[in-house]
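*Asks:* Before anything else, here's the structure in question.
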Amino acid sequence: MAEIHDSGLLLRRIPYSETSLICHFLTTEHGRISLMAKGARRAKSPFRAALYPLHRLFLTWRAGRTGMGTLIDIQREKALVDENKSLVGLELLSMASGLFQEGDPHGYEELMQALCLLSQRQELEGVCSSAWTLLHEAGWIGDLSHCWHCGEEIAMDTAMYWMGAQLVCDACGRGHAVSAGLRRSMLGVLEHGYIRLSDVDARQWKQMIGLVLQEHGVKVPDSFRSL
Ligand SMILES: [Zn+2]
């Protein structure tokens with residue numbers, strides 16, 4: 001069997017037998033795949049030092065005759081996010097794992113974009129904007145200048161509403177108000193590194209993210225649970 005090479009991000013590691021791991025990756029060319037890392041749980045396995053999340057990995061594997069491929073080699077690049085943001089980074093991985101299922105051709109670029117934003121923004125701003133970007137890239141949410149229900153463009157100085165897991169206009173329904181100020185802050189943080197969020201705005205934004213995940217049956221990470 002020919003060897004296959006691709007860049008990937010590690011999503012999950014599942015113990016298999018006494019010594020091996022089944023690893024889930026999002027890859028650039030092959031989408032979401034799972035590969036067998038034989039002997040990866042042994043102390044001396046070269047896979048142990050390389051199989052880290054939140055690093056770009058260069059993978060080499062051999063396709064399986066019927067099912068799962070077998071990992072042959074992994075090269076690891078430097079971490080994509082700083083140590084102090086790695087917990088949130090892991091939450092993004094768990095979200096991505098729910099958003100992009102086995103066989104999905106997408107996911108790598110989307111997750112990479114979210115991790116870059118997390119690393120470039122300040123703490124609160126990074127948490128909110130990276131998760132929001134991941135949901136947006138996955139196609140689960142709309143943009144901030146239109147009603148997600150009727151598609152009408154809504155001026156940035158007008159209040160909108162959060163209904164269930166949707167941003168809607170006044171005519172389409174009511175829910176919690178999303179003030180014009182909050183919407184402008186969200187847009188600002190998504191586009192620029194220097195815009196800061198107030199605690200109140202950050203809390204509301206996190207809640208919106210949690211509700212979108214909940215609506216789609218994805219486990220809501222701690223950072224996005226309502227208090
Ligand atoms: Zn509407």
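*Asks:* With just the Cα atoms defining each centre, how far is the range 28-60 from the range 119-181? Give it in Å.
*Replies:* 36 Å
*Asks:* To continue, here is another question. Of the accessible area of the range 83-224, with the probe set at 1.4 angstrom, what percent is carbon plus sulfur? All intermediate terms of the calculation are to be shown ahead of the outcome.
*Replies:* Numbers: 3270 of 6730 Å².
Solvent-exposed carbon and sulfur of the range 83-224 make up 49 percent of the total.
*Asks:* Mind listing which trypsin sites (Lys or Arg not before Pro) in the range 61-131 are in a DSSP loop and have 14 or fewer other Cβ atoms within 10 Å? Don't skip to the answer; put the middle values down first.
*Replies:* On the way: sites: ARG62, ARG65, ARG76, LYS78, LYS85, ARG121; in loops: ARG65, ARG121.
Sparse-neighbourhood loop trypsin sites (Lys or Arg not before Pro): ARG65.
*Asks:* How much length is gained if the chain between GLN120 and ILE72 is pulled fully straight, taking 0.36 nm per residue apart and subtracting their Cα-Cα distance, in nm to one decimal?
*Replies:* Working: separation 48, 0.36 × 48 = 17.28 nm, distance 3.32 nm.
Full extension from GLN120 to ILE72 adds 14.0 nm.
*Asks:* Please work out the FRET efficiency for the pair THR158 and ASP104, using the Cβ-Cβ distance as r and a Förster radius of 35 Å; give the result to the nearest 0.05.
*Replies:* Plugging the Cβ-Cβ distance into 1/(1 + (r/R0)^6) gives 0.45.
*Asks:* To the nearest 500 deg cm²/dmol, what mean residue ellipticity at 222 nm is calculated for the chain from DSSP H runs of n ≥ 4 alone, each contributing -39,500 (n - 2.57), summed and divided by the residues?
*Replies:* -10000 deg cm²/dmol
*Asks:* How much accessible area per residue does the chain have, in Å², with a 1.4 Å probe?
*Replies:* In whole numbers, the chain has 52 Å² accessible per residue.
*Asks:* Roughly how tilted is helix 199-215, in degrees to the nearest 10 and between 0 and 90, from the longest Cα axis of the chain?
*Replies:* Once rounded, the angle reads 60 degrees.
*Asks:* Rounded to the nearest percent, how much of the accessible area of the range 3-79 (1.4 Å probe, protein heavy atoms only) is carbon and sulfur? Before the final figure, lay out the partial values.
*Replies:* Working: 1990 of 4250 Å².
Carbon and sulfur together cover 47 percent of it.
*Asks:* Could I ask something else about it? Starting from the 7 Å offset along Cα-to-Cβ, what nm value, one decimal, do you get for the label separation of LEU187 and GLU83?
*Replies:* 4.0 nm
*Asks:* For the range 83-224, restrict the atom set to alpha-carbon positions and state the Rg and Dmax in Å.
*Replies:* When restricted to Cα atoms, the range 83-224 yields Rg and Dmax of 14.6, 45 Å.
*Asks:* What is the helix-to-structure angle for 86-99, meaning the angle in degrees between its Cα long axis and the longest Cα principal axis of the chain, kept from 0 to 90 and rounded to the nearest 10?
*Replies:* Value to nearest ten degrees: 90.
The values are calculated or read from the model by the stated rules, or taken from the named source; none is laboratory data. Predicted, not measured: the structure shown is a model, and the values here were computed from it. A quick note on method: Cβ atoms are made from the backbone with ideal geometry, for glycine too, and the neighbour counts reach across all protein chains shown. The accessibility values were calculated without ligands, DNA or RNA, using every heavy atom of the protein model including side chains. Shrake-Rupley method; radii C 1.70, N 1.55, O 1.52, S 1.80 Å.
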